[in-house]
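Inspection log for the structure reproduced underneath, given as structure tokens.
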Amino acid sequence: MSFLVMSPAEMQSRGYKELDIILISGDAYVDHPSFGTAIIGKVLEAAGFRVGVIAQPDWHKDEDFLALGRPRLFFGITAGNMDSMVNHYTAQRKIRSDDAYSPGGLAGKRPDRASLIYTNIVKRLFKGVPVVLGGIEASLRRIAHYDYWSDTVKNSLLADSKADILIYGMAEQATLALANALKEGKSIVEIKDMPSTVVFAASDEDTSRGIVLPSASASKDKKVYHELYRLFFDKAQSTILYQENGGRLIRHNPPAKALTEKELDAIYALDFENAPHPIYKGARIPAWEQIRDSITTHRGCYGGCSFCAIALHQGRAIQSRSQASVIKEVKRLTAHKSEKSGGYVFHGSISDLGGPTANMYGSYCKLGFPDSCKRQSCLYPRICSNLVADHKLQLKLLQEVEKLPGVKHIFISSGIRFDLAASSPDYIRSLAAKYTGGRLKLAPEHVSQPVLNLMGKPGIEAYEDFSRLFMKQAAELGLKRQIIPYIIIGHPGTTRAHALELASWLKKHRIRIEQVQEFTPTPMTISTTMYYTGLDFYTGKPVYVPKGREIREQKELAMWWKRKERTPQAIKPPPKSRSSR
């Protein structure tokens, strides 16, 4: 096994006179399949391409970008595993003091709007070399979008950066196809119809084959913006979309097909070092420390929460690894028993065995998630009858993994859908018995039904029903367990009355949450569309959008137990739960 090259010395040691592809990332380089640069780089390398990495270059120094020379095929640019603006700023637009993806957790290792800055520098230094955008920042800024940090509607990142092509989503297929096309001598400007890409349309392109979205400039009008995203969510899966951005027409191609089990297994079987590059000399990288003992079992999410971007990036269809693939990775993990095995030591506990939502492993749609399906969620307002979600598959996987030598404990930390889990008492009992480390984190997000409707989440009674079952199972097993609810405050549609309802519910159940998540309008989500337009995404009716001081007040109300001056009479008792719409 080996790391991707990061220096001329490493190139020389491999006999490389030049590289085919250079990946530039806003993150430190950690060779692990949870990090986008590593997974794309290893897929390309396994296909025979010579790949190098420039991680967190100083954008004030040209020499950082010149270090590996001129690539033969293209530069691949990503801001990293997070949007650079989300990475840098809180929901209150205050600068964060740390960066989990940097050595030592130090902030300031990447610029604001990193994809844009890196592209401009590369275009200046390497005339004629194609630039390919990827990663979450590019994926969620691929068409005109509302940008919370500037409070404006911005063009597609492709148009603003003037890169040659943008690849969205989990980009292994598209990046490899692009590399092969360029290797065979095809010009980057000829590539127009590749799935999961956004490109500049040909000057004479016949747009009647697709749908023309409202332009970026027209979308500054809030009603037009609402129309734009209604069209996008309705048509993007199956139809070519066109949009004028800054005087140029971009073409948004439909996404690539979901990876098969065999294809996904092949990716996770690649020779990852499962460690940060030695260049960091053992410096602490918080994001790596968080996932170093975890295993990803699947991708995608069909939950369809309005505020979430997972489906926009990973897709709705669940792509699951085989049991054999997961077991093989666990065996590689348990083999790290000393510092000599690569600087990483496995101590017997798998911190997480899951995915975006752990209990979606192995589930699928009977109809194959057809383009004709108009639902944004397979779970809301009720679980779809075409969804096949058998918790026995995940339970079997967990049971087989815990039999492996060296595995002492397995935990599920990536979260579960409690409404989905309610159908499996065996799963709930197993969670209570073995797979939670004393605290189970769940995400009801709120308690007020009008707010939950806008979030696309089930009624609070679903959370309460699951909690009763879970705690009952724990009590029968003689185990002490706790459920920690995740709460979002300030979501579009949340009034002070709804905030008081939440505070009253928390107080009634004696829940003292230490943290709440303030809603952040990230690019391209349904909730962000409501935040910007002030309109219900589905009905077009006005919704209340709390801002500024109101957000702080809602946070204070949720922290009811810290407000000693607040009397019990100041919080009204909660109304009875209502069913989902």
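The values are calculated or read from the model by the stated rules, or taken from the named source; none is laboratory data. Since the structure is predicted, the reported quantities are computational estimates derived from the model, not experimental observations. Please note: Cβ atoms are built from the backbone with ideal geometry, for glycine as well, and neighbour counts cover all protein chains shown.
Of all the numbered requirements in (1) out of contact with any strand residue (DSSP E or B) (no Cβ under 8 Å at 6 or more places or on another chain); (2) surrounded by 24 or more Cβ atoms within 10 Å (Cβ to Cβ); (3) of a type in the set (S, T, N, Q), S115 misses one, and that requirement is (1).
For segment 149-181, filtering for residues that are of a type in the set (A, V, I, L, M), buried (at least 19 other Cβ atoms within 10 Å of the Cβ) and either assigned to a helix (DSSP H, G or I) or touching a Leu at 6+ places or on another chain (Cβ under 8 Å) (or both) leaves 11. Being over 30 Å from T197 (Cβ atoms), modelled with pLDDT of 95 or more and either of a type in the set (S, T, Y) or buried (at least 20 other Cβ atoms within 10 Å of the Cβ) (or both): is that true of V407 here? So V407 fails the test.
Between residues in segment 236-251 that are touching a residue at least 24 places away in the same chain (Cβ under 8 Å) and residues that are part of a strand (DSSP E or B) and surrounded by fewer than 17 Cβ atoms within 10 Å (Cβ to Cβ), which pairs lie under 6 Å by C-beta distance while being six or more apart or on different chains? From residues that are touching a residue at least 24 places away in the same chain (Cβ under 8 Å), the pairs are Y242/V212. Being part of a strand (DSSP E or B) and aromatic (F, W, Y): is that true of Y101 here? Against the criterion (part of a strand (DSSP E or B) and aromatic (F, W, Y)), Y101 does not qualify. Step by step: first the residues of segment 79-106, then only those that are touching a Lys or Arg at 6+ places or on another chain (Cβ under 9 Å) and acidic (D, E), then the one that is surrounded by the most Cβ atoms within 10 Å (Cβ to Cβ). Which residue is that? Ranking the candidates gives D99 first. Right, A462: of a type in the set (A, V, I, L, M, F, W, C), assigned by TED's automatic domain parsing to the domain that holds S430 and farther than 26 Å from D536 by Cα or not? No. The number of residues in segment 483-533 being assigned to a loop (DSSP other than H, G, I, E, B), within 14 Å of I551 (Cβ to Cβ) and not polar (S, T, N, Q) comes to 7.
For segment 7-27, the count of residues that are closer than 24 Å to A177 by Cβ and touching an Asp or Glu at 6+ places or on another chain (Cβ under 8 Å) is zero. Tallying residues that are farther than 14 Å from I22 by Cβ and in contact with a Pro (Cβ under 8 Å, 6 or more places away or on another chain) within segment 53-70 yields 1.
Does segment 118-130 contain at least one residue that is in a helix (DSSP H, G or I), assigned by TED's automatic domain parsing to the domain that holds T175 and surrounded by fewer than 16 Cβ atoms within 10 Å (Cβ to Cβ)? So far as segment 118-130 goes, yes, one or more of its residues are in a helix (DSSP H, G or I), assigned by TED's automatic domain parsing to the domain that holds T175 and surrounded by fewer than 16 Cβ atoms within 10 Å (Cβ to Cβ).
From the list V122, V132, V153, the one residue that fits, being among the hydrophobic types (A, V, I, L, M, F, W, C) and free of Cβ contacts under 8 Å to residues at least 60 places away in the same chain, is V132. Here I350 fulfils each of the conditions (1) under 22 Å from the mean Cα position of the chain (by Cα); (2) within 30 Å of P254 (Cβ to Cβ); (3) touching a residue at least 60 places away in the same chain (Cβ under 8 Å) apart from (2). Is it true that some residue in segment 533-541 is of a type outside the set (A, V, I, L, M), closer than 23 Å to R93 by Cβ, modelled with pLDDT of 95 or more and within 27 Å of the chain's Cα centre (by Cα)? Looking through segment 533-541, at least one residue is of a type outside the set (A, V, I, L, M), closer than 23 Å to R93 by Cβ, modelled with pLDDT of 95 or more and within 27 Å of the chain's Cα centre (by Cα).
Scanning segment 6-24 for residues that are in contact with a Ser or Thr (Cβ under 8 Å, 6 or more places away or on another chain) and touching a residue at least 60 places away in the same chain (Cβ under 8 Å) returns a single hit, I24.
The single residue among V345, V330, V326 that is modelled with pLDDT under 95, among the aliphatic types (A, V, I, L, M) and either touching a strand residue (DSSP E or B) at 6+ places or on another chain (Cβ under 7 Å) or in a loop (DSSP other than H, G, I, E, B) (or both) turns out to be V345. Taking S372, is it surrounded by fewer than 14 Cβ atoms within 10 Å (Cβ to Cβ), part of a loop (DSSP other than H, G, I, E, B) and modelled with pLDDT of 95 or more? Taking the combined requirement at face value, the residue does not satisfy it.
Of all residues in segment 294-322, those satisfying the criterion of being of a type outside the set (A, V, I, L, M, F, W, C) and in a loop (DSSP other than H, G, I, E, B) are T297, G300, Y302, G303, G304, S306, G315, R316, R321, S322. When D27, D58 are checked against the criterion of being within 20 Å of N120 (Cβ to Cβ), without any contact (Cβ under 8 Å) to a residue 12 or more places away in the chain and within 29 Å of the chain's Cα centre (by Cα), a single residue qualifies: D58.
Looking at segment 195-293, none of the helices (runs of 4 or more DSSP H) lying wholly inside it contains 2 or more residues that are among the polar types (S, T, N, Q) and at pLDDT 95 or above.
Counted as qualifying within segment 1-89 are the strands (runs of 3 or more DSSP E) with 1 or more residues that are at pLDDT 95 or above and within 28 Å of Y146 (Cβ to Cβ), namely 21-25, 74-78.
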